[in-house]
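Undergrad: Take a look at this one; I'll ask things after.
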Amino acid sequence: MAEAKKPTKARVPPTSALESTTLSKTKQPGTSNAAPATPAYMSKYTVGDQISHPMFGNGTVTAIHTNKLTIEFPHSVIKQIVDDFVTHRQL
C-alpha cells in the first residue's frame with residue numbers, strides 16, 4: 001500500500017528580501033515618492049491684531065491655525081472664526 005504524500009508548505013522568502021525586491025523595482029536612486037510641497041496658507045492677520053466681526057463686535061486675535069482665528073471678545077468670550085468673516089478694526 002502506498003503512503004499518502006504530506007502536503008508541502010509554500011516557501012516564503014524572509015520579509016527583508018521582499019522589501020528589498022519591492023523597493024528596487026519601484027524607486028529609482030535619487031528620486032522621491034513624496035508629493036510636491038504646497039505653500040502653506042498665510043492668514044492676513046497676526047496674533048494681537050484688533051478685528052471686527054459683524055455679530056460678535058470687536059476682538060483681539062489670540063491664536064491662528066491655518067485660516068481659523070481664535071479671537072477674544074469682550075467679557076472673556078473666546079470664539080474660533082474663519083478669517084474671511086472678520087475685518088481689521090480701524091484704530
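Values quoted throughout were computed directly from the atomic coordinates according to the rules given, and no laboratory measurement underlies them. All values derive from a computational prediction rather than experimental measurement. Neighbour counts run over all protein chains shown; Cβ positions are idealised from the backbone, glycine included.
Undergrad: Which order do peptides 43-50, 84-91 fall in by mean Cβ count within 10 Å, highest first? Please list the in-between numbers first.
TA: Numbers: 43-50: 12.9, 84-91: 11.2.
Going by the mean number of other Cβ atoms within 10 Å, highest first, we get 43-50, 84-91.
Undergrad: Say R0 is 41 Å: what FRET efficiency, to the nearest 0.05, do V77 and T38 get from their beta-carbon distance?
TA: On the way: r = 34 Å, r/R0 = 0.83.
The pair V77/T38 has a calculated efficiency of 0.75.
Undergrad: Between T8 and F56, what is the spin-label point distance in nm, taking each point 7 Å from the Cα along the Cα→C-beta axis?
TA: Going from the T8 label point to the F56 one covers 7.2 nm.
Undergrad: Could you tell me whether the stretch 44-91 comes out rounded, prolate or oblate from its Cα gyration tensor? Rule is a ≥ b ≥ c as square roots of the eigenvalues, rounded for a/c under 1.5, then prolate if a/b exceeds b/c, otherwise oblate. Don't skip to the end; give the middle numbers.
TA: Working: a/c = 1.36, a/b = 1.17, b/c = 1.17.
Rounded is the answer for the stretch 44-91, as its axis ratio a/c remains below 1.5.
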